[in-house]
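Below is one structure, written out as structure tokens, with a few remarks after it.
The values are calculated or read from the model by the stated rules, or taken from the named source; none is laboratory data. Worth saying up front: this structure is predicted, and the values here are computed from it rather than measured. Cβ placement follows ideal geometry from the backbone for every residue including glycine, while neighbour counts extend to all protein chains displayed.
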Amino acid sequence: MLVRKSTAVIKHQGPWVDILHRFARNKLAMVGVLILLILIITAVFAPWISPYPYDQMNTSRASERPSAEHWFGTDNFGRDILSRSMYGARVSLQVGLLAVALAVATGGILGAIAAFYGGSKDNLIMRFLDVIYAVPAVLLGIAIAATLGAGLRNLMIAIAVGNIPSYARVVRASVLTVKENEYIEASRGIGASDARIIFKHILPNAMAPIIVQATLGVAGAILACATLSYLGLGIQPPQPEWGSMLSSARQFIRQSPHMSIFPGVCIMLTVFALNVIGDGFRDAIDPRLKDY
């Protein structure tokens with residue numbers, strides 16, 4: 001009785017529960033989850049936990065080094081760097097998550113359509129995406145941001161467009177593998193529409209590599225956001241963002257290195273956390289890849 005019951009429970013759990021169990025055993029990935037949770041909580045509750053308003057200036061205390069009153073020091077306008085770093089997390093995480101979500105949605109639909117129908121539609125969609133893919137993502141983002149103008153929405157669009165081909169390729173490869181399974185033929189046999197087959201049966205079963213790619217892609221999107229803001233094409237002052245904070249601090253790097261160190265550490269920790277989470281999901285989905 002007990003053996004049968006436990007076997008039934010294991011079967012009922014499904015593959016995703018096994019994936020999550022393997023992921024939870026990855027200590028480095030869990031460290032990444034902890035760092036990311038701290039950053040998300042900091043971003044959400046920044047208005048309540050930041051010691052000072054992010055735009056509060058005090059020129060008499062400009063460029064002060066870290067102290068008990070200002071843990072991260074102050075910038076050239078006397079603004080508290082810790083408070084600005086907390087608010088900067090809101091912008092960086094928002095841009096990273098929403099830009100990747102837009103790229104995954106658009107690239108996923110295009111890749112699924114190309115793989116499902118094949119032939120001329122596949123060739124047309126993929127050749128169009130190859131043209132976009134041929135342009136370096138950073139240069140494409142600079143061109144789009146310069147054309148649309150600076151701002152949060154335009155920054156997300158610029159980053160998302162450059163990442164669409166990557167997600168379309170991943171989805172296309174996954175769909176090509178899944179669409180040959182027998183349950184897809186059974187769905188066609190009972191008269192299911194193409195849209196239902198794609199969104200109900202194919203995409204849910206092709207999500208594993210997409211999740212890994214998206215997790216790693218958020219880190220890349222945050223770096224792209226910081227790069228564009230550093231070049232003056234992203235978030236504009238006085239709204240804080242880690243890349244724009246680095247850009248403002250570059251001329252003071254010799255006299256006040258703390259102005260550059262702390263925003264840079266925030267970017268480094270976020271990218272590290274997302275990369276180890278992505279690696280953890282990859283290893284959990286296919287443990288055979290762990291040794292490569």
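Among the numbered criteria (1) buried (at least 22 other Cβ atoms within 10 Å of the Cβ); (2) farther than 25 Å from LYS27 by Cα, which one does LEU274 miss?
Checking LEU274 against (1) buried (at least 22 other Cβ atoms within 10 Å of the Cβ); (2) farther than 25 Å from LYS27 by Cα, the one that fails is (2).
Pick out the one residue from PRO257, PRO263, PRO237 that is in contact with a Ser or Thr (Cβ under 9 Å, 6 or more places away or on another chain) and either farther than 19 Å from ILE38 by Cα or among the aromatic types (Phe, Trp, Tyr) (or both). Can you show your working first?
On the way: PRO257 fails: in contact with a Ser or Thr (Cβ under 9 Å, 6 or more places away or on another chain); PRO263 fails: either farther than 19 Å from ILE38 by Cα or among the aromatic types (Phe, Trp, Tyr) (or both).
Answer to the selection: PRO237.
Check whether at least one residue in region 208-217 is hydroxyl-bearing (Ser, Thr, Tyr), closer than 23 Å to ASP283 by Cβ and modelled with pLDDT of 80 or more, and report yes or no. Steps first, answer last, please.
From region 208-217, those hydroxyl-bearing (Ser, Thr, Tyr) are 215; that's our starting set.
Add one more test, that the residue is closer than 23 Å to ASP283 by Cβ, and what stays is 215.
Cutting the leftovers down to modelled with pLDDT of 80 or more gives us 215.
Within region 208-217 (the criterion being hydroxyl-bearing (Ser, Thr, Tyr), closer than 23 Å to ASP283 by Cβ and modelled with pLDDT of 80 or more), the answer is yes, since at least one residue qualifies.
If a residue has to be without any contact (Cβ under 8 Å) to a residue 40 or more places away in the chain and surrounded by 17 or more Cβ atoms within 10 Å (Cβ to Cβ) to count, how many in region 188-204 make the cut?
Of the residues in that region, 1 qualify.
Among the residues of region 28-43 satisfying the criterion of being touching a residue at least 40 places away in the same chain (Cβ under 8 Å) and over 19 Å from ASP279 (Cβ atoms), which is surrounded by the most Cβ atoms within 10 Å (Cβ to Cβ)?
Going through the qualifying residues, I end up with THR42.
So which residues in region 63-80 are touching a residue at least 60 places away in the same chain (Cβ under 8 Å) and in contact with an Asp or Glu (Cβ under 6 Å, 6 or more places away or on another chain)?
If the condition is that a residue be touching a residue at least 60 places away in the same chain (Cβ under 8 Å) and in contact with an Asp or Glu (Cβ under 6 Å, 6 or more places away or on another chain), then GLY73 is the only one that fits.
Can you tell me which residue within region 250-269, out of those that are touching a Gly at 6+ places or on another chain (Cβ under 9 Å) and closer than 22 Å to GLY151 by Cα, is surrounded by the most Cβ atoms within 10 Å (Cβ to Cβ)?
PRO263
Restricting to helices (runs of 4 or more DSSP H) lying wholly in region 65-169: which have 1 or more residues that are at pLDDT 90 or above? Full working, then the answer.
Working: elements: 81-117, 119-134, 137-148.
Here the list reads 81-117, 119-134.
Does region 113-134 contain at least one residue that is of a type outside the set (Phe, Trp, Tyr), crowded, with 21+ Cβ neighbours inside 10 Å and more than 21 Å from the chain's Cα centre (by Cα)? Spell out the reasoning first.
Step one: list which residues in region 113-134 are of a type outside the set (Phe, Trp, Tyr), which gives 113-115, 118-127, 129-132, 134.
Next cut, crowded, with 21+ Cβ neighbours inside 10 Å only: 114-115, 129.
Filter once more, keeping what is more than 21 Å from the chain's Cα centre (by Cα): 114-115.
Yes, region 113-134 contains a residue that is of a type outside the set (Phe, Trp, Tyr), crowded, with 21+ Cβ neighbours inside 10 Å and more than 21 Å from the chain's Cα centre (by Cα).
Scanning region 170-193 for residues that are touching a helix residue (DSSP H, G or I) at 6+ places or on another chain (Cβ under 7 Å) and within 24 Å of LEU102 (Cβ to Cβ), which turns out modelled with the lowest pLDDT?
The selected residue is VAL178.
Name the single residue, out of those in region 230-242 being crowded, with 21+ Cβ neighbours inside 10 Å and modelled with pLDDT of 80 or more, that is farthest from VAL171 (Cα to Cα). Don't jump to the end; show me each part of the working.
Start the filter on region 230-242 by keeping residues that are crowded, with 21+ Cβ neighbours inside 10 Å, which leaves 233-235, 240-242.
Next, from what is left, pick out any that are modelled with pLDDT of 80 or more: 240-242.
Numbers: PRO240: 35, GLU241: 32, TRP242: 31 Å.
So the residue we want is PRO240.
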